[in-house]
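Notes to accompany the following structure.
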Amino acid sequence: MVRLLLALFWVIIASFTLGDRVLAATLENLPMPNVANTEKILGPAGEIFEFATCNTDDIGFTIAQAQIPPGAGPLPHIHHYTNEWFWTPEGDLRLFQSIKEYPDLNQPATSDQAGNAIVYTVNTEPKQIVYGPKYRVHGFSNTSNVIKPLTFIWLEDPSSPEYEYKDGGIREYFQDVGIPIEDLNNLPAITDEAREKFVTQATQYGINQSYFFFQYVDGVFSSLPKGLAGLNDDQNLARIIQAINDYNQGKISVNCF
C-alpha cells in the first residue's frame, strides 16, 4: 500500500540531482484536513499559521498552512520530539539544514556546549517537498520580496513525552509563544515578549531555539553534500497523507481538529 501511495505522489526534480543521488522531489498536491475552524496564530518569527492536528491509533501530527512575509523565517533551531516536512507550493524559500546531529536537549549547538553546525542551503522550487529529521540544526527564510506560502508537517517522534495534542508538543508551543489571530486582514503586532518566549520556552517542547543566526551556526554552504542527498521518510509521509484523506472521507479512525 505504501509503495502504491508513493507512486501516485512523487515526481523527481532532475535539476536537483547530484550524480544519481536525488536531492529533492516534488509533491503535486498535499491535502489538508477539512477542519471547520483552523487555529490561526502569528509566530514570533513572522509566520502566519493556520493549524490542524490529526491523531490515529498509530500516529499523531500537526499540519499548518502558513504565509511567510518577505525576509521572515525562524532562526536556526533543533527539534527533538518531532520530524518535519516543508512543502513549498510556489518555491522561493531558502531552507537550510545541518548534517551534524545534536541529540541532547541540554547540549545545544553553541560553541561552548555541543559545538556549532555547518548548514547547507536549498533554494526551493514550486511544489518541492523537503524532509527535516529531528536533532539537526535547520530553518528557512523567504528570500523573495512578496509573501510566500509554505505548508509544514510535524510528526510526533516515538521518543516524545506525551503532550495534549499527541504531536510532539508543536501546537502547544505555538499556542504558548505565538499571538492568536482574530482577523487575517488585521494582524496583531509581534511583541518583544513573544520573541523572548520563542527562545526561552522552547525546551519545554523539545526544541533548542537560537537567539541569533550564528549562535548555532559556524558556516553556510550552498553545495549539498552526500549526507543530505536523498534525505526522506517516504513511508511516514505516505501514512500522513493517507490519514488526512481518510479523515476527509469521513473515516472515524482519524480525528482531526
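Each Cα pair of the stretch 143-257 feeds into the Kirkwood radius, which the Stokes-Einstein equation turns, at 25 °C and 0.890 mPa s, into a diffusion coefficient of 137 µm²/s.
Only protein atoms count toward the accessible area here, which uses a 1.4 Å probe; on the chain, the carbon and sulfur part of that area reaches 49 percent. Comparing Glu50, Glu193, Glu156 in a Gaussian network model of the chain (Cα springs below 10 Å), the most mobile by mean-square fluctuation is Glu193.
The structure-derived value of Cα extents along the principal axes in Å appears in the list (1) 60, 37, 31; (2) 56, 42, 40; (3) 51, 47, 38 under the label (3).
Extension gain for the segment Asp234 to Val146, taken as residue separation times 0.36 nm less the Cα-Cα distance, is 28.6 nm to one decimal. Rounded to whole numbers, the Karplus 3J(HN,Hα) couplings from phi for the stretch 152-158 are 9, 10, 10, 9, 4, 7, x Hz, using 6.51 cos²θ - 1.76 cosθ + 1.60 with θ = phi - 60°, and x at Gly and Pro.
Loop-only check: which chymotrypsin sites (Phe, Trp or Tyr not before Pro) in the stretch 127-221 are DSSP coil with at most 10 other Cβ within 10 angstrom? Mind dumping the intermediate values first?
Working: sites: Tyr131, Tyr135, Phe140, Phe152, Trp154, Tyr163, Tyr165, Tyr173, Phe174, Phe198, Tyr205, Tyr211, Phe212, Phe213, Phe214, Tyr216, Phe221; in loops: Tyr135, Tyr163, Tyr165, Tyr211, Phe212.
Taking the stretch 127-221 and a limit of 10 other Cβ atoms within 10 Å, the loop chymotrypsin sites (Phe, Trp or Tyr not before Pro) found are Phe212.
The alpha-carbon of Lys148 sits under 16 angstrom from the alpha-carbons of these lysines, leaving out residues fewer than 8 places away in its chain: Lys127. With 0.36 nm allotted per residue and the present C-alpha distance subtracted, the Arg195-Asn255 stretch has 18.4 nm of extension available.
Tell me what the chain gives for mean residue ellipticity at 222 nm when only DSSP H runs of n ≥ 4 count, each as -39,500 (n - 2.57), the sum divided by the residue total, rounded to 500 deg cm²/dmol.
-5000 deg cm²/dmol
The length gained on full extension between Ser159 and Lys226, counted as 0.36 nm times the residue separation minus their Cα-Cα distance, comes to 21.5 nm.
Rolling a 1.4 Å probe over the heavy atoms of the protein chains gives the chain an accessible area of 46 Å² per residue.
The values are calculated or read from the model by the stated rules, or taken from the named source; none is laboratory data. Since we're looking at a predicted model, the values are computed, not measured. All Cβ positions, glycine included, derive from the backbone under ideal geometry; neighbour counts span all protein chains shown. All accessible areas refer to the heavy atoms of the entire protein, side chains included, with ligands and DNA or RNA removed. Shrake-Rupley method; radii C 1.70, N 1.55, O 1.52, S 1.80 Å.
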